[in-house]
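This report concerns only the one structure given below.
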Amino acid sequence: LRGEAQKHAHEPAVTLDGFKPEVSSNIGDVAGAKKAVSYGAEGVGLLRTEFLYMDRPSMPTEEEQYQAYKAILEEFGHMPVVLRTLDIGGDKELSYLKMDPEMNPFLGVRALRLCFKHPEIFKAQLRAALRASVGHNLKIMFPMVATLSEVREAKKWVNICRDELKAEGKPFAEDIEVGIMVEIPAAAVCADMLAREVDFFSIGTNDLSQYTMAADRGNPGVAHLSDAFQPSVLRLIRDVINASHKYGKWTGMCGELAGEPLAAPLLIGLGLDEFSMSPPMVPVIKALIRTLDSNEMKKLAEEALDKETVEEVRELVRKRVPAAA
Ligand code: PEP
Ligand code: MG
C-alpha cells in the first residue's frame, strides 16, 4: 500500500466530494525539510525549533537563527511553513540557561512561559523568524497556550519586534499569520475566545491527550489513558475545530493523531483543515483521504463521538472504513 501511495505522493489529497485539506509535515531541520518535500508534503504544519537551541554551549544568535530558518524556508518556496517558537522546559533543558528545579516540569515553566521570563530569547527568535519570512509563506505559532492573556502577551512581543525591524529598515513579510497550538485542555475549552485573537489553531494531540487524561505521554503504564481516541479528547478536538470555523479561522493538527490512518476518517468528518505528520506518512494519509466522502465521514464522526470507549471508537472506524485499519 505504501509503495502504491508513494506513486501519487505529489498529487493533492481531495476527498470524493471535493474537500481538500492540506497535508503537511512535522520537521525539525533542513534534512527533515528535504525529506518532507520528497514525500509530497504541501508545507510544514510544525517546525520544531528546539534543534537550534539544544546541544550547544550558548544561545543561538538572531543571525544564526535567521540563516537556519531561511535555509528551511527555501526548501518550501511559497508553501506554508508554521514555525513554532521555542518549546523548551518540561524535560528539555539548555546548558546555558539556568532553570529552577521543578517538582513537575511538564506543569512548570515551559515553552511560552519560559519565553515570557526571558524576553531577550523570545525576541531574538521572533526577529529572526520575521526577517526570514521575506519571499516565503511563514506562519508563527506559540506552544503551550493556556489563557487568552498569554496569546495577547505573545502577540505584543511580535508587534514589538515588527516595530523594531521597521525602525531599523529591515524587511519582513507584512501579512504573517499568527496562531497557537491547542494542547492544553484550558485552551481547548475556551477555544471560542482564543479563536477571535488568532489566525489559526494547530491541535497538539500528544500533549492534549496527556494533560486531558492526566497521563504522562511517555509512560507505557498509562498509555491506554493518554490516547487521543479517548472520547474526552475527541470531543475537545471537535469543539476546537468548530470554534475556529465559527470565527472564520482554520484548524490544523500536528500531534501524532494526524498521521494515524485510523483517525483520518474522523478528522475529515470533523472538518480538520490541515494534517501535519512525519514525512513518510504523507503519501499514506493522502491516499486514504482520496477514498473518503466528507459527508459520510461527518456522520461517522458523530457516531464515533457518542461511543463510550476507545475500543468502540476504533472498532467503528475499522468496520466502516476498512482501508484505514
Ligand atoms: C503535541 O504536543 O502534540 C505536539 C505536536 O508537540 P510536541 O510533541 O512537540 O510536544
Ligand atoms: Mg506539545
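Can you confirm whether the range 155-173 contains a residue that is modelled with pLDDT of 95 or more, within 16 Å of ligand 2 (Cβ to nearest atom) and not in a helix (DSSP H, G or I)? Scanning the range 155-173, I find no residue that is modelled with pLDDT of 95 or more, within 16 Å of ligand 2 (Cβ to nearest atom) and not in a helix (DSSP H, G or I), so the answer is no. Residues in the range 175-192 that are open to solvent by 50 Å² or more (accessible area, probe 1.4 Å) and in a helix (DSSP H, G or I) were compared, and the one that is nearest to L112 (Cα to Cα) is V189.
Select from the range 244-274 the residues that are open to solvent by 10 Å² or more (accessible area, probe 1.4 Å), farther than 22 Å from T309 by Cβ, touching a residue at least 12 places away in the same chain (Cβ under 8 Å) and not in a strand (DSSP E or B) and list them in ascending order. Result: H245, K246, Y247, K249, G259, G271, D273. Could you list, in sequence order, the residues of the range 40-68 that are surrounded by 22 or more Cβ atoms within 10 Å (Cβ to Cβ) and over 17 Å from the mean Cα position of the chain (by Cα)? Matches in the range 40-68: Q65 only.
If you go through the range 207-238 one residue at a time, how many are in a helix (DSSP H, G or I), touching a residue at least 12 places away in the same chain (Cβ under 8 Å) and surrounded by fewer than 17 Cβ atoms within 10 Å (Cβ to Cβ)? Spell out the reasoning first.
Going through the range 207-238, the residues in a helix (DSSP H, G or I) turn out to be 207-213, 220-222, 231-238.
With touching a residue at least 12 places away in the same chain (Cβ under 8 Å) added as a condition, the list becomes 207-213, 231-238.
Remaining after also requiring surrounded by fewer than 17 Cβ atoms within 10 Å (Cβ to Cβ): 231-232, 235.
Here the count works out to 3.
In this structure, is G40 under 23 Å from E256 (Cβ atoms) and more than 16 Å from ligand 1 (Cβ to nearest atom)? Answer is yes for this residue. On the basis of being among the charged types (D, E, K, R), surrounded by 14 or more Cβ atoms within 10 Å (Cβ to Cβ) and under 22 Å from N206 (Cβ atoms), does E75 make the cut? It is false that E75 is among the charged types (D, E, K, R), surrounded by 14 or more Cβ atoms within 10 Å (Cβ to Cβ) and under 22 Å from N206 (Cβ atoms). Residues in the range 179-195: is at least one more than 15 Å from ligand 2 (Cβ to nearest atom), touching a residue at least 60 places away in the same chain (Cβ under 8 Å) and under 25 Å from A304 (Cα atoms)? No, every residue in the range 179-195 fails to be more than 15 Å from ligand 2 (Cβ to nearest atom), touching a residue at least 60 places away in the same chain (Cβ under 8 Å) and under 25 Å from A304 (Cα atoms).
The values are calculated or read from the model by the stated rules, or taken from the named source; none is laboratory data. Because the structure is predicted, anything quoted here is derived from the model rather than measured. Cβ coordinates were reconstructed from backbone atoms using ideal geometry, including for glycine residues, and neighbour counts include every protein chain displayed. Remember, those area values only see protein heavy atoms, side chains included, never the ligands or the DNA or RNA. Shrake-Rupley method; radii C 1.70, N 1.55, O 1.52, S 1.80 Å.
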